[in-house]
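**Q** Pasting a structure below so you can have a look.
The values are calculated or read from the model by the stated rules, or taken from the named source; none is laboratory data. Being a predicted model, the structure only gives us computed values, none of them experimental. Methodologically, a virtual Cβ is constructed for each residue, glycine included, from the backbone with ideal geometry; neighbour enumeration extends over all protein chains shown.
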Amino acid sequence: MRRVSVVMASGTWTADLSRPRDLAIPLAFDGPQPNLFEAAAATAAPLRSGGFVGDVAQGGSCNCSEYRLTPHCNGTHTECVGHITRQRVSIRDIYKGGLEPALLLSITPVAASESDEGSNPSPQEGDRLITAAVLREAWKPWSSTTVSALVIRTLPNEASKLSRRYTTPVPPYLTQQAAQLIVDRGITHLLLDTPSLDRTHDEGLLTGHRIFWGMPAGSNDVTAAQRAEATVTEMIFAADDVADGRYLLDLQIAPFDADAAPSRPILYCLMVVTD
């Protein structure tokens, strides 16, 4: 066992680094993979240059592949405020790395017809919402815990999330009230097992994203963002045996100079606390 002690405002916590829990969906090039907006699948092909072929099975000296992917649509990815600004802001510049105190919560989305919370545009019949009410209830056992990262697992937690094509029905998304609650509770890094914190067809308003990054409606200027340091990670998968509760988050992000990049969030369970 490899343990590390972390001193936080709530005390000294101990984490077991020998038991990482990977939340990233493996990206199987040319295999089953999640997909949003009917984007082209992520693919891999041997590099061909002159007489060289990057495939040992085809007689090459080594394997060397070219990859094609759309981070926002092909799997687990982390995005920054540059997702909605005219300025080209890079996730590499926004997030410098490190360990974040995190909380994992499992919630059951609520039918839009059964909630008085809303979004912009308004929820449609059949939509399922991640509401402030259900988040508040799930948060209660850890209400005294201060964290900078929140991981949301939606129920039922079906293995089909690993390769789901998100067309219809519309996947669950945050209400405006839920997004504001997350901001009010000081969450800087939000991780979800859905393809977007907003409705996937929302007339381009991205209301939840704007609330989370502190961006006024209609603005695309990064200088207007009050929370430009915040990140959103989408299309994670937290297996059922990863219990709700406190963790250390190691948010590993490919160093792309882009608004979003493939990422590998890893959780380490916090086991002991002393005052």
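**Q** Collect the residues in the stretch 234-271 that are touching a helix residue (DSSP H, G or I) at 6+ places or on another chain (Cβ under 7 Å) and under 24 Å from Tyr166 (Cα atoms), keeping them in residue-number order.
**A** Result: Phe237, Ile253, Ala258, Asp259, Ala260, Ala261, Pro262.
**Q** Tell me, please, whether a residue that is surrounded by 23 or more Cβ atoms within 10 Å (Cβ to Cβ), within 23 Å of Leu104 (Cα to Cα) and touching a Lys or Arg at 6+ places or on another chain (Cβ under 7 Å) can be found in the stretch 229-239.
**A** Yes, the stretch 229-239 contains a residue that is surrounded by 23 or more Cβ atoms within 10 Å (Cβ to Cβ), within 23 Å of Leu104 (Cα to Cα) and touching a Lys or Arg at 6+ places or on another chain (Cβ under 7 Å).
**Q** Another question, then. Has the stretch 241-255 got at least one residue that is in contact with a Lys or Arg (Cβ under 8 Å, 6 or more places away or on another chain), assigned to a loop (DSSP other than H, G, I, E, B), closer than 18 Å to Pro71 by Cα and not acidic (Asp, Glu)?
**A** Checking the stretch 241-255: at least one residue is in contact with a Lys or Arg (Cβ under 8 Å, 6 or more places away or on another chain), assigned to a loop (DSSP other than H, G, I, E, B), closer than 18 Å to Pro71 by Cα and not acidic (Asp, Glu).
**Q** Is it true that Cys80 is at pLDDT 95 or above, of a type in the set (A, V, I, L, M, F, W, C), within 24 Å of Gln180 (Cα to Cα) and within 16 Å of the chain's Cα centre (by Cα)?
**A** Against the criterion (at pLDDT 95 or above, of a type in the set (A, V, I, L, M, F, W, C), within 24 Å of Gln180 (Cα to Cα) and within 16 Å of the chain's Cα centre (by Cα)), Cys80 qualifies.
**Q** Looking only at the stretch 161-181, count how many residues are buried (at least 17 other Cβ atoms within 10 Å of the Cβ) and in a strand (DSSP E or B).
**A** Total meeting the criteria: 3.
**Q** Right, here's the next one. Would you check which residues across the stretch 182-206 are touching a strand residue (DSSP E or B) at 6+ places or on another chain (Cβ under 9 Å) and either on the phi > 0 side of the Ramachandran plot or part of a helix (DSSP H, G or I) (or both) and list them?
**A** Residue satisfying the conditions is Ile182 alone.
**Q** Moving to a separate point now. Report, by residue number, each residue of the stretch 54-75 that is in contact with a Ser or Thr (Cβ under 9 Å, 6 or more places away or on another chain) and aliphatic (A, V, I, L, M).
**A** Passing the criteria: only Leu69.
**Q** Listed residues Leu206, Leu174, Leu192; which is in contact with a helix residue (DSSP H, G or I) (Cβ under 9 Å, 6 or more places away or on another chain) and under 15 Å from Leu129 (Cβ atoms)?
**A** Leu174
**Q** Another question, if that's okay. Residues in the stretch 1-28 that are assigned to a loop (DSSP other than H, G, I, E, B) and either within 19 Å of the chain's Cα centre (by Cα) or at pLDDT 95 or above (or both): how many?
**A** Looking only at that region, the number is 6.
**Q** Could you check the stretch 216-229 and list, in sequence order, the residues that are aliphatic (A, V, I, L, M) and farther than 14 Å from Ile94 by Cβ?
**A** Ala217, Ala224
**Q** Quick check on my filter: what residues within the stretch 42-70 are among the hydroxyl-bearing types (Ser, Thr, Tyr) and either surrounded by 12 or more Cβ atoms within 10 Å (Cβ to Cβ) or at pLDDT below 95 (or both)?
**A** Listed by number, the residues that qualify are Thr43, Ser65, Thr70.
**Q** Working only within the stretch 38-76, note down all residues that are within 24 Å of Ser163 (Cβ to Cβ), aliphatic (A, V, I, L, M) and outside any strand (DSSP E or B).
**A** Of everything in the stretch 38-76, those that are within 24 Å of Ser163 (Cβ to Cβ), aliphatic (A, V, I, L, M) and outside any strand (DSSP E or B) turn out to be Ala39, Ala40, Ala41, Ala42, Leu69.
**Q** Just the residues that are more than 15 Å from Phe29 (Cβ to Cβ) and of a type outside the set (S, T, N, Q), please, taken from the stretch 58-67.
**A** Once the filter is applied, which keeps residues that are more than 15 Å from Phe29 (Cβ to Cβ) and of a type outside the set (S, T, N, Q), the stretch 58-67 yields Gly59, Gly60, Cys62.
**Q** OK, next. Between a residue in the stretch 1-16 that is under 17 Å from Ser148 (Cβ atoms) and any residue that is loosely packed, with under 12 Cβ neighbours inside 10 Å and modelled with pLDDT under 80, which pairs come within a Cβ distance under 6 Å, given they are 6 or more apart or on different chains?
**A** Gly11/Thr274; Gly11/Asp275
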